[in-house]
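Single-structure report; data block below.
Each value in this text was obtained by applying a stated rule to the coordinates, not by laboratory testing. Nothing here was measured: the structure is a model prediction, and the numbers come from that model. Virtual Cβ from ideal backbone geometry, glycine too; neighbours counted across all protein chains shown.
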Amino acid sequence: MINYVSAAEAVSIIKSGDRIFGHGSACTPNLLYNELARQSSRLKEVEMVSITQQGNVEIAKPQYKDSFYINSLFTSAPVREAVNSENGDYVPIFLSEIPILFKNGILPIDVALITVSPPDTHGYCTLGTSVDVARSAIDTAKRIIAIVNPKMPRTHGDGMIHVKRIEKLVWSEEELLTINYSEKVGEEEMKIGRNVAELIDDKATIQMGIGTIPDAVLQCLHNHKDLGVHTEMLSDGVIDLIKNDVINNKYKGTHANRTITSFCFGTRRLYDFVDDNPAVAFMDVQHVNFPINIMKNKKMHAINSAIEIDLTGQVCADSIGTYQFSGIGGQMDFMRGAALSEGGKPIMALSSRTKKGVPRIVPFLKQGAGVVTTRGHIHYVVTEFGTAYLYGKNLRQRAQALIEIAHPDDREMLDKAAYERFK
């Protein structure tokens with residue numbers, strides 16, 4: 001007989017000075033965060049570490065700054081204000097190496113807050129839509145509190161946890177958090193998607209980053225054949241490709257015949273698709289994002305995006321100047337893995353300008369901006385105006401190639417900047 005308790009009783013085991021881990025994406029434990037906020041008067045200096053928090057993360061709000069400190073490993077919208085204030089900070093790290101922080105005691109976890117699928121007849125729950133860094137967090141946490149939600153899909157792979165390992169269980173039937181990237185895809189993104197799709201070979205294994213551009217790319221792949229997927233993140237765009245046998249994983253160099261990911265985030269249709277689906281494996285991000293495992297796939301094509309890129313090929317993907325916007329994530333894991341793969345292609349796809357008309361191809365990155373992908377790692381850069389291949393090109397050649405795919409109204413400015421720099 002499983003003993004379920006209230007959220008209030010569950011979080012009562014958390015004490016001042018604890019470091020808590022918060023499950024991410026659709027698994028974000030907002031039910032527990034809300035209760036922690038209600039109990040904030042008894043708590044001081046509780047540190048939360050997490051990636052990709054979603055929904056209404058109550059404890060990240062300014063009024064709780066004396067009780068909770070947000071130490072983000074990948075910054076998302078609900079915690080962005082806290083991370084860029086005195087109430088938080090950001091740890092620059094490759095997604096593949098976050099488990100090392102937990103396992104080596106660099107960031108030891110006192111209490112892990114997770115959301116799981118209900119236990120099966122053997123007593124095993126799963127980490128559902130987000131195995132990623134949660135696997136190592138629960139393996140090393142001193143105590144575990146879990147929301148058990150029947151709407152959380154039961155996923156195959158590395159996400160199993162026996163109910164006896166969980167100290168407090170809270171039953172909840174709340175709807176899971178969702179996002180629909182395809183609704184945000186416009187004509188500009190589709191142009192980029194078509195340009196990227198032209199680079200993708202049949203029998204390639206692909207990785208997609210987060211956002212509208214990767215989703216647009218997926219929409220342009222329906223005439224391809226025999227694709228595989230080895231990615232850190234899965235979205236709705238893969239569903240029809242798998243159902244139509246465009247993605248069948250037949251020619252992968254590792255984990256053949258299975259779609260490999262570490263987490264998914266999308267609509268209810270995606271969660272229903274991965275539920276008890278043995279063809280999709282959710283694995284520890286230390287394995288999924290390890291560049292050597294990535295490079296084992298022949299024709300590994302990594303598709304990522306950026307905030308801005310300078311004329312030498314330096315890519316900023318995590319900050320707007322000094323303002324921390326997201327994180328390093330798995331971009332470099334996959335850009336490097338794809339570059340080392342036989343026939344692989346590391347692809348950086350971005351619009352030439354922001355929605356507000358700010359250039360993304362620039363003479364210099366903004367002061368304080370973080371370089372996520374170095375100019376030594378960049379190969380293909382794609383915008384709605386075409387493709388630039390930078391690998392093996394010198395600085396002047398790179399500048400010229402990037403100017404040719406910049407927004408037409410920015411090219412004169414970039415030409416002048418290139419002349420001033422390179423004469």
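Values for this structure:
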{"read-out": "Non-local Lys pairs in the stretch 94-198, i.e. 8 or more apart or on different chains, that have alpha carbons under 22 Å apart", "value": "6"}
{"read-out": "Qualifying GluC sites (Glu not before Pro) for the stretch 174-267 [loop in DSSP, other Cβ within 10 Å: at most 16]", "value": "174, 175, 198"}
{"read-out": "Model label zone, residue 86; criterion: amide N under 18 Å from point 7 Å along Cα-to-beta-carbon; scope the stretch 37-70", "value": "44-47, 60-70"}
{"read-out": "Extension gain, residue 77 back to residue 173 (0.36 nm per residue minus Cα-Cα distance, nm)", "value": "32.1 nm"}
{"read-out": "For 283, 190, order by how many other beta-carbon atoms lie within 10 Å, fewest first", "value": "190, 283"}
{"read-out": "Average projection area in nm² (convex hull over Cα atoms of the stretch 7-171, one quarter of hull surface)", "value": "8.7"}
{"read-out": "GluC sites (Glu not before Pro) restricted to the stretch 72-147 and DSSP loop, no more than 15 other C-beta within 10 Å", "value": "86"}
{"read-out": "Whole-Å semi-axes of the ellipsoid equivalent to the chain (Cα gyration tensor, √5λ, descending)", "value": "37, 26, 17"}
{"read-out": "Simple spin-label estimate for residue 42 and residue 364 in nanometres, 7 Å along Cα-Cβ", "value": "5.4"}
{"read-out": "Sorted by Cβ neighbour density within 10 Å, fewest at the top, the residues 49, 371", "value": "371, 49"}
{"read-out": "Those trypsin sites (Lys or Arg not before Pro) in the stretch 232-295 that DSSP places in a loop and that have at most 15 other beta carbons within 10 Å", "value": "250"}
{"read-out": "Taking 172, 25 and counting other C-beta atoms within 10 Å, the order from fewest to most", "value": "172, 25"}
{"read-out": "In nm, spacing of pseudo-spin labels at residue 415 and residue 245 (7 Å Cα→C-beta vector)", "value": "5.2"}
{"read-out": "Contour excess over end-to-end distance, with Cα ends at residue 322 and residue 12 and 0.36 nm allotted per residue", "value": "107.9 nm"}
{"read-out": "Residue-averaged [θ]222 nm for the chain, counting only DSSP H segments that reach four residues, each worth -39500 (n - 2.57)", "value": "-6500 deg cm²/dmol"}
